[in-house]
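The values are calculated or read from the model by the stated rules, or taken from the named source; none is laboratory data. Being a predicted model, the structure only gives us computed values, none of them experimental. Here the Cβ positions follow ideal geometry from the backbone for every residue, glycine too, while neighbour counts run over all protein chains shown. Surface accessibility is based on the protein's heavy atoms, side chains included, excluding ligands, DNA and RNA. Shrake-Rupley method; radii C 1.70, N 1.55, O 1.52, S 1.80 Å.
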Amino acid sequence: MATQGDDDERSFFSEVPVRPAARAKAAVDEKPHYLGHRDRLRERFASAGPDALPDYELLELLLFRLIPRADTKPVAKALLARFGTLAEVLGAPVGLLQEVKGIGPAVALELKVVAATAQRMARGEVHGREVLASWQQLLDYCRSAMAFEAREQFRILFLDKKNALIADEVQQTGTVDHTPVYPREVVKRALELSATAIILVHNHPTRLFSITHDHTLAH
């Protein structure tokens, strides 16, 4: 025989809403908003090519693999706001990269791996070609290689008689505001490589770099 207490208990459980469970299931089924954005950005890259994407979107594509479970657009824009250009982002030291919110040690290191790969590609593109015929390409290479060096470097590009690159070497590395240059060593190395011209590249940690082209070498 049912009692009043039994009736009250059945009434209580029959009125328990089921919506919280439904909401929990919906939350599990719902995909993060950035996943659709990633798919659309990949489709644009595949269909229109890299020239159709601004720097921050190319950087986003790169960060997709480095930061798989987050919205990378704010991180990409923060990196560009901090360093200026995509080349300068990749050229920035690991310590400075980690000052940007969302960039940890692992992501910063991976960005430097990408930077090293890009520099190797740029060197391959310049090597064996007439350097002066692709001056902007040379500037971009020097910027990516040296723009955020913490210490001054004296780099030499050795050219043959057709202005093709023979070698790209860092001859000296100095302090934050000074690097020694030894003309005798420069000439000695140029003679060893049979170079007929050189391009001298000298960076300033606070002012990027300067370039001097010299055709005065003779054997």
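Can you tell which of Thr179, Thr117 is part of a helix (DSSP H, G or I) and either at pLDDT below 80 or loosely packed, with under 13 Cβ neighbours inside 10 Å (or both)? Just a single option satisfies the conditions, and that option is Thr117. What pairs come out if I take residues in region 57-83 that are touching a residue at least 24 places away in the same chain (Cβ under 8 Å) and part of a helix (DSSP H, G or I) and pair them with residues that are of a type outside the set (A, V, I, L, M, F, W, C) and open to solvent by less than 40 Å² (accessible area, probe 1.4 Å) whose C-beta lies under 6 Å away, six or more apart or interchain? Final answer for the pair search is Leu63/Thr72; Phe64/Arg38; Lys73/Glu60.
Among the residues of region 182-212, write down those that are modelled with pLDDT under 75 and among the charged types (D, E, K, R). Arg207 - this is the single residue of region 182-212 that is modelled with pLDDT under 75 and among the charged types (D, E, K, R). Taking the conditions (1) open to solvent by 50 Å² or more (accessible area, probe 1.4 Å); (2) at pLDDT below 80; (3) among the hydrophobic types (A, V, I, L, M, F, W, C) in turn, Ile166 satisfies each one other than (2). At pLDDT 90 or above, of a type outside the set (S, T, N, Q), part of a loop (DSSP other than H, G, I, E, B) and surrounded by fewer than 16 Cβ atoms within 10 Å (Cβ to Cβ) - does that describe any residue in region 39-46? For region 39-46, residues at pLDDT 90 or above, of a type outside the set (S, T, N, Q), part of a loop (DSSP other than H, G, I, E, B) and surrounded by fewer than 16 Cβ atoms within 10 Å (Cβ to Cβ): absent.
Within region 88-99, the set of residues being open to solvent by 10 Å² or more (accessible area, probe 1.4 Å) and either in a loop (DSSP other than H, G, I, E, B) or free of Cβ contacts under 8 Å to residues at least 24 places away in the same chain (or both) comprises Pro93, Val94, Gly95, Gln98, Glu99.
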